[in-house]
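The values are calculated or read from the model by the stated rules, or taken from the named source; none is laboratory data. Being a predicted model, the structure only gives us computed values, none of them experimental. So basically every Cβ, Gly included, is an ideal-geometry build from the backbone, and we count neighbours across all protein chains shown. These area figures cover heavy atoms from the full protein model, side chains too; ligands, DNA and RNA do not enter into them. Shrake-Rupley method; radii C 1.70, N 1.55, O 1.52, S 1.80 Å.
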Amino acid sequence: QMFSNNDEAVINKKLPKELLLRIFSFLDVVTLCRCAQVSRAWNVLALDGSNWQRIDLFDFQRDIEGRVVENISKRCGGFLRKLSLRGCLGVGDNALRTFAQNCRNIEVLNLNGCTKITDATCTSLSKFCSKLRHLDLASCTSITNLSLKALSEGCPLLEQLIISWCDQVTKDGIQALVRGCGGLKALSLKGCTQLEDDALKYIGAHCPELVTLNLQTCLQITDDGLITICRGCHKLQSLCASGCSNITDAILNALGQNCPRLRILEVARCSQLTDVGFTTLARNCHELEKMDLEECVQITDSTLIQLSIHCPRLQVLSLSHCELITDDGIRHLGNGACAHDRLEVIELDNCPLITDASLEHLKSCHSLERIELYDCQQITRAGIKRLRTHLPNIKVHAYFAPVTPPPSVGGSRQRFCRCCIIL
């Protein structure tokens, strides 16, 4: 009787509507919709706009069409603060215009992968959604400089913008954006292949609050642009420049001199970086927590020695394809300030000089959760087993060359493949 499907149920009599409304506020979209079918009273409570302040439709992405978004916007109105339409391929500009008109208090909007939208959507957001703070337009490939100009004019509170893989964006769009959105704290330009150094110079000049910057695969970026970022964005904590193969040690020097709060640095495939640059970086950026140095092929044990001395907070380190790293470098890392309580992940794929001795040096890393050892030909199963006696919960990813195949039988030779193991 307490939950009987009528408005006279005990729960409706005993609990005030304000308390029921508060309970409903913790429910997800599916549960709210089910509650709305219980009774007239619950329908009113479940569909109250105050319960629809945060909506994530990712789980229903294949079924979401524009009219669904329009209906949600009419139901939620000014209550809606956060909406994720990530991957909703059926949602286009018309639906988002209706949404923008009805939900003018929206602060966080995720349109990642909504490939139907164009500059018209950003024009609508600019016109009606002045409180917008976080906007994700990743993989919305029809977005151009016009969108950034519109956002600059109508969304001055914007703090986080993701336009990864919007490859029509150029320096002109970035220039327009930063002039009106100088409070940007996070900007992802991953895969924006037309961007040049001038774009970064605009960011460095107008975005002093910038904390996170992603430039992965921006192939035209050089030292000149990134140095401007370092000099203008002293609060920078996370920089991804992986694949920016033109950069040199000048970037590491600039980071060390200007960005002491740096916590995350990803410079995979930046093959011109050397021990000299990483020495300057380590001696000045003591808060480093994550470093991706994959395919920084010039670095040696010297870099690991500096990190072990000066970076006590290091948690994740990728050294894959750094073929000059040896057991001695891992020994220093294992004895370093970060080893006992901080280091969680170390990746050593394709480091041919690494042997079982390195695993012995890592036994004291009690926080170590995962180690990658693919194509480390001198690592053995026995060495991994010894490591696991000290760190029983660690995940070790490796594969081993096959044993010598037996002689051919009957004129045919059996084929043996490498086997991947996760211990």
**OP:** At 0.36 nm per residue, minus the direct Cα-Cα distance, what do V276 and D341 gain on full extension? Give it in nm, one decimal, please.
**Re:** 20.6 nm
Original post:
Quick one: of the DSSP bridges fully inside the chain, what percent are antiparallel, nearest 5?
Top reply: 10 percent
Original post:
How long, wide and thick is segment 234-356, going by the Cα atoms along their three principal axes, in whole angstroms, largest first?
Top reply: 41, 31, 20
**OP:** Keeping all protein chains in place, calculate the accessible area per residue for the chain (probe 1.4 angstrom), answer in Å².
**Re:** 46 Å²
Original post:
Just the Cα atoms of segment 214-265: what Rg and Dmax do they give in Å?
Top reply: 10.0, 26
Subject >> Sites K131 and R34, calculated FRET efficiency, Cβ-Cβ separation with R0 35 Å, nearest 0.05 >> reply: 0.65
Original post:
Helix 66-76 versus the longest principal axis of the chain: what is the Cα-based angle in degrees, 0 to 90, to the nearest 10?
Top reply: 70 degrees
Original post:
Taking a quarter of the surface of the Cα convex hull of segment 23-63, what do you get in nm²?
Top reply: 3.0 nm²
**OP:** Quick one: among S164, S84, S147, which has the greatest mean-square fluctuation in a GNM of the chain with alpha-carbon springs under 10 angstrom?
**Re:** S84
Subject >> Furthest towards positive pole of dipole, L317, A398, L32, structure part the chain, Cβ charges >> reply: L32
Subject >> Cβ-Cβ FRET estimate between I309 and K235, R0 fixed at 25 Å, reported to 0.05 >> reply: 0.50
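Just to check, using Stokes-Einstein with a Kirkwood Rh over alpha carbon pairs, what's the diffusion coefficient of segment 43-83 at 4 °C and 1.567 mPa s in µm²/s? Could the numbers behind the result be given before it?
On the way: Rh = 10.7 Å.
In µm²/s, the coefficient rounds to 121.
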**OP:** Within segment 113-137, find all residues whose amide N lies under 19 Å from a label point positioned 7 Å from the Cα of K82 along Cα-to-beta-carbon.
**Re:** 113, 130-137
Subject >> Longest exposed-site-free window of the chain, the sites being chymotrypsin sites (Phe, Trp or Tyr not before Pro) in a DSSP loop that have at most 13 other C-beta atoms within 10 Å >> reply: 27-415
Original post:
Simple spin-label model, 7 Å along Cα-to-Cβ: F60 to R22 in nm?
Top reply: 2.8 nm
**OP:** Based solely on C-alpha atoms, express the radius of gyration and the Dmax of segment 177-285 in angstrom.
**Re:** 12.5, 40
Subject >> With eigenvalues of the C-alpha gyration tensor scaled by 5 and rooted, segment 288-390, Å >> reply: 18, 17, 11
Subject >> Gaussian network model of the chain, Cα within-10 Å springs - most flexible of N43, N214, N253 >> reply: N43
Original post:
Sorted from largest down, what three extents in whole angstroms do the Cα atoms of segment 1-145 have along their principal axes?
Top reply: 59, 29, 19
Subject >> Relative contact order computed over the chain (Cα-Cα under 8 Å; 6+ residues apart), in percent >> reply: 6 percent
Subject >> Read-out mean projected area of the Cα convex hull in nm², derived from the coordinates shown; its label in [x] 27.8; [y] 21.0; [z] 31.6 >> reply: [x]
